[in-house]
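First comes the structure, then the notes that go with it.
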Amino acid sequence: MSRIVASFVLCGSLWALGLIPTTAAEMYPLVGTWTLNVAKSQSDSGPLPKGETRVYAVNPLGALTLIAEGTDAEGTLFAYGATGDINGREYPIPGRDVGARILGDTIVWKRIDPNTVEMTIKKKGEVINTTRHAVSEDRKTLTIAENGVDDEGRAIHQTRIYDRQ
C-alpha cells in the first residue's frame, strides 16, 4: 500500500474514533457566543461594561474572528471586531472609527494551549494590550485576563468572566 493511501486510512480511522477534531468548536473551544457575567468579573482600573456579548468563529480560511457588542459603564453602545490566524503573525485591525474599543492598529493571535489563546494589540509596532482568553475544561466559562493601557494611557487590569450561550 502506498504511503498516501496509508495516510488516508490512518487519518480516516483516527477521525472515526473521534481522536481528530472535526468541527471548529472542537478545534477551538473559544468558538461560540459568550455573555459577560459582570457579577463575577473584576477590574482594578475603572468600571466594567454594563454588558457585552462576544462571538468567536473560524472563517472558511481557518482564521479566528471576534465580534463584540455591548454597553459601556456610561451607557454608550460599542461594537468592534478583529480577525487573524492563530499563528503569531500580525494582522491589521479594520474599523478604527468612533466607538472602536480596540485602540491599536494590529492584532496577533497565538495559541498557548488547547483552551487558551493570547491576543496582543499593537499600535505603531508597540504592544499596548495583551489579553488571555481561557476556556474552562467544561467549556462553559471564558475568562479574559487583560493588561494594557486605555486611550488616555492609563493602565488597564481586568479579569472578565463570560458564560457560554
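Derivation of every value follows stated rules applied to the coordinates shown; laboratory data play no part. None of the values given here were measured: they were computed from a predicted structure. A quick note on method: Cβ atoms are made from the backbone with ideal geometry, for glycine too, and the neighbour counts reach across all protein chains shown.
Summary of values
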read-out: Coarse-grained scattering of the stretch 28-165 at q = 0.11, 0.12, 0.15 Å⁻¹, given as base-10 log I(q)/I(0) from a Debye sum over alpha-carbon atoms; value: -0.36, -0.43, -0.71
read-out: Extended-chain gain in nm, criterion 0.36 nm per residue less alpha-carbon gap, T71 and R111; value: 11.5 nm
read-out: At R0 = 35 Å, FRET efficiency that the Cβ-Cβ distance of R89 and K50 yields, to 0.05; value: 0.55
